[in-house]
1. Which order, highest average first, do 145-158, 102-115 follow once you tally other Cβ atoms within 10 Å for each residue and take the mean per peptide?
2. If I model a spin label at residue 157 and residue 76 as a point 7 Å from the Cα along the Cα→Cβ vector, what separation in nanometres do I get?
3. Under the Kirkwood approximation applied to all pairs of distinct alpha-carbon atoms, what is the hydrodynamic radius of region 81-174 in Å?
4. For every other residue with a beta carbon closer than 10 angstrom to the beta carbon of residue 127, add +1 if it is Lys or Arg and -1 if Asp or Glu, then tell me the sum.
5. Rg/Rh for region 45-121 to two decimals, with Rh computed the Kirkwood way over all alpha-carbon pairs.
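Taken together, the values in this text are just the output of simple stated rules run on the coordinates, not laboratory data. Since the model is a prediction, treat every value here as computed from it, not as a measurement. No Cβ is skipped: glycine too gets one built from the backbone with ideal geometry, and neighbour counts run over all protein chains shown.
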Amino acid sequence: MTRRHLMKLLSLFGLAPLASQAQAPAAFAKPAAGAGSAPAAAAVTDWRKLTAADWQARLTPAQYAVLRREGTESSHTSPLNAEKRRGAFHCAGCDLPLFSSDAKYESGTGWPSFYAPLSGAVATKTDFKMIIPRTEYHCTRCAGHQGHVFNDGPRPTGKRYCNNGVALRFEVTA
Ligand SMILES: [Zn+2]
């Protein structure tokens, strides 16, 4: 196999830089003309590429500890426990809507609890921090840790998404 052939194969799998891709970061970082509005600005942020220092600058220390270090806030500390209005709970890291107030319920745990996330908003992985495996879940856009999901929730899903309130921002429906 020739080197040229190999590079072509690699590029097919996205493993070799193409000339156009090499220029992409510079173009990406440059704000588009008229990018003053919030949605346009949010759309160009590559959340997965932010460094720890970037996140520390964006978040409060409590948010950073949960979202980026998989910490857990103390129970009964979040004002969102008592939030009963209609609206959406957004990721405090990137503002992606994660849960509807329709799926919120009182679990008695002292953490905001939901029986289902919005479609495609969170992804899960298994963690072993407490020795017994737990299912961690995080925001699909910025990968910020939100909480753990358990199988003792109410109908219709039987799931309990136990969320850190500090990792959420509530947006009330007008
Ligand atoms: Zn996020």
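1. Numbers: 145-158: 16.4, 102-115: 18.1.
In decreasing order of mean packing, 145-158, 102-115 become 102-115, 145-158.
2. 2.7
3. Details: mean 1/r = 0.0757 Å⁻¹.
Result for region 81-174, one decimal place: 13.2 Å.
4. Working: positive: 125, 129, 134; negative: 70, 136.
The answer is +1.
5. Details: Rg = 13.6 Å, Rh = 13.8 Å.
On the Cα set of region 45-121, Rg over Rh gives 0.98.
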